[in-house]
Structures are given as C-alpha cells and as structure tokens.
1. Out of the range 69-95, which residues are of a type in the set (Ser, Thr, Tyr), in contact with a strand residue (DSSP E or B) (Cβ under 8 Å, 6 or more places away or on another chain) and part of a loop (DSSP other than H, G, I, E, B)?
2. For residue 304, work out the one condition from (1) in a loop (DSSP other than H, G, I, E, B); (2) in contact (Cβ under 8 Å) with a residue 12 or more places away in the chain; (3) closer than 17 Å to residue 70 by Cβ it doesn't fulfil.
3. When the range 286-299 is examined, which residues are found to be of a type outside the set (Phe, Trp, Tyr) and modelled with pLDDT of 95 or more?
4. Looking at the range 164-185, can you tell me whether even one residue there is within 30 Å of residue 80 (Cβ to Cβ), part of a helix (DSSP H, G or I) and without any contact (Cβ under 8 Å) to a residue 40 or more places away in the chain?
5. Can you pull out the strands (runs of 3 or more DSSP E) entirely within the range 194-240 that have at least 2 residues that are over 16 Å from the mean Cα position of the chain (by Cα)?
6. Picking from 292, 283, which residue would you name as being assigned to a loop (DSSP other than H, G, I, E, B) and aromatic (Phe, Trp, Tyr)?
7. Can you tell me which residues in the range 230-287 are surrounded by 14 or more Cβ atoms within 10 Å (Cβ to Cβ) and among the basic types (Lys, Arg)?
8. Would you check if residue 187 is in contact with a helix residue (DSSP H, G or I) (Cβ under 8 Å, 6 or more places away or on another chain) and not basic (Lys, Arg)?
Amino acid sequence: MNIYKKLKNILIILTLIALAGFSVGCADTSIPPIGQIGQTTEPTINPDIIASFEPEPITSITVNGVVESTERRNVYSTLGDIIARINVEIGDVVTSGQLLAVIDTGIHDIDITIAQGNAGIASASIAAENASLEVDVRRNTYERFATLYLEGAIAQIEYIQARDALSHAENNYRHARQNVSSLSAAQQILLDARSNRVDRQHITAPIGGTITAVLAREGEIAHGILFVIEDTDNLRIMARFREYDLAKISVGTPVTITSDATGNVEYTGYISRISQSAVRDAFGNIAPIVEFEAEITITSEETDLRIGMTTRVTVAL
C-alpha cells in the first residue's frame, strides 16, 4: 500500500510540472527585460512607400475647344415679303455680291402707281402750260385796257374787269405749278421706294465663302436670318481656360490640337487672344466656375478639321 501511495504522489507531481511548463510556453514572449520596462521604440516607415504617394508634377494643360470660321456672316432680311426664288444650297461656294435669293417685293404694283403718277404729272404740266399762256393773254389785254382807260377811251369797269381777269389767270397758273410740284415730289417718293425695293429684292452674298446654313424657304416670308456664309479655308478654335490656369498661358503660347474625328493626328497652333473678361451666362452673370475664352490660331497648313468639330487643346508646361 505504501508503494501505491508513493506512485500516486509521483504522478501528481509530474502532472503539475507538465502543466507549469505548458503555461510558460503560452506566455507573451514580447515582454521586455526588466531593464527595458518603460522604454519606447520609434516606428520605422519604408521610404519607397512614401514616394509612391507623392503626386506627379503637372506637365500640361488640356481643355476642350470648338472649331470655328475666322469669318462668318449671317444674311438677313427685314422686308417681310415672300421669297420667290433661292439660288444656293448648303455647301455651295459663293463670291461676294453673288445672288442668293430673289424676294417678291411688290415692284409691279409700284410700277403701276408710278405710271399713273407720270400720267398725272404730264396732265398737270399741260394744265400749267395752258395757264401760263392764259396769263400772257390776260396781261396783254390788261396792259392795252390800262392805256385806253388812261386815254379815256374805255370805261373804268372794263379796265377793272381786265385787271381782275389777269389776277385770276395768275392765280390759276400758280396753282397749276404747285400741283405739278406736289405730284413730282410724290412721284420721287415712289421712285425712291422702288429703287430701295430693287436693291433689297436681290439678296446677295456680303462676303465670299461657303454656304453653311440655308434657313430661307421659297414661298415663305423673308424675315430674320436667311443664309449663313463662312470661310471654311481659314479656321480657328475657341477654347476656355480656368482662371487658375491663366498664369501658365499667354498670347503666343504654342499648343497641340487633337480631335476624335481626326484620330491620333496632332496639329499645331498658338494662343492668339485671351479674353479680358470671364465668360458670362445668358443673364450676364459670371458662372460659378470662372473661365476665360481664348482664341487658338491653327498653324498647320493642311488639316482635316471642320467647322463645329470638338477638339482638345494641350499646352505643354
């Protein structure tokens, strides 16, 4: 029995030793030695990681632009008359002064009125000539009767009648001349109106170029913009730069021009004008995002750019 008790005690001791060794193995091995308790170490950061987060320097500015013609004219009409004929269509190349359309300005009606006026003036002129002849006759009669009256050859009543007849003839002649003058003035007004309508009857091109819009319709009233003429051989690009980019650009700054329509082809140009005022909205107010319009002159001799194309304008810094 004593042997069994001894063996049992030995097993208990061995078990306790094993448990003590397991708990020591699971303990935190990062606990510093007693001499380093209370001390801290500085963290270290890999410099390559910091470099990967630094922003790359800005080497260029790119903005959108729209291709425009250097010269554009809208052809107007304010007559309010019917368009009789249109002589051009979109894409036609025209020269300055070329006939674009004919307007029915009612000249035929004016011509009839002028013809009637001419007849009236002719009739009034004849009446004035007859009145002038009547004055000559009455004056001769009056002068003769005045002499006879002074000689006592005729009665006073005959002298007075001759005098009144001359005065009446002179009044008739004066009225006849006034009538001719009034009719002539009215006729001149008609002639001026006809000349004005003739000038405005023919709608002509104010400049040479290409017809890029035809808004006129035959049989409709000629009012407002009828045609748009643009110089398609001389193009420019209108772009907008943000206010914080103005310090990086100036007139003469070279640019590179690309467009989706022309693929990877690059054209050259330069900034030829920068607006002195920020872009405003339809109400005249400066937009929240402040931008300034700039004109880009294209220096590439041959391009596939077309009016209305959207482009990208890049300025190298």
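1. As a first pass, look at the range 69-95 and keep what is of a type in the set (Ser, Thr, Tyr): 69-70, 76-78, 95.
Add one more test, that the residue is in contact with a strand residue (DSSP E or B) (Cβ under 8 Å, 6 or more places away or on another chain), and what stays is 69-70, 76-77.
Matches in the range 69-95: 70 only.
2. (3)
3. 290, 291, 293, 294, 295, 296, 297, 298, 299
4. Step one: filter the range 164-185 for residues within 30 Å of residue 80 (Cβ to Cβ), giving 182-185.
If we keep only those that are part of a helix (DSSP H, G or I) as well, we get 182-185.
Imposing the further condition that a residue be without any contact (Cβ under 8 Å) to a residue 40 or more places away in the chain reduces the set to 182, 185.
Checking the range 164-185: at least one residue is within 30 Å of residue 80 (Cβ to Cβ), part of a helix (DSSP H, G or I) and without any contact (Cβ under 8 Å) to a residue 40 or more places away in the chain.
5. Numbers: elements: 202-204, 209-214, 224-230.
Hits in the range 194-240: 202-204, 209-214.
6. Details: 292 fails: assigned to a loop (DSSP other than H, G, I, E, B).
After applying the criteria, what remains is 283.
7. The answer is 236, 240.
8. Numbers: in contact with a helix residue (DSSP H, G or I) (Cβ under 8 Å, 6 or more places away or on another chain): yes; not basic (Lys, Arg): yes.
Criteria met by residue 187.
The values are calculated or read from the model by the stated rules, or taken from the named source; none is laboratory data. Predicted model, so just to flag it, every value in this text is computed and none were measured. In this analysis, Cβ positions are derived from the backbone assuming ideal geometry, glycine residues included, and neighbour counts consider all displayed protein chains.
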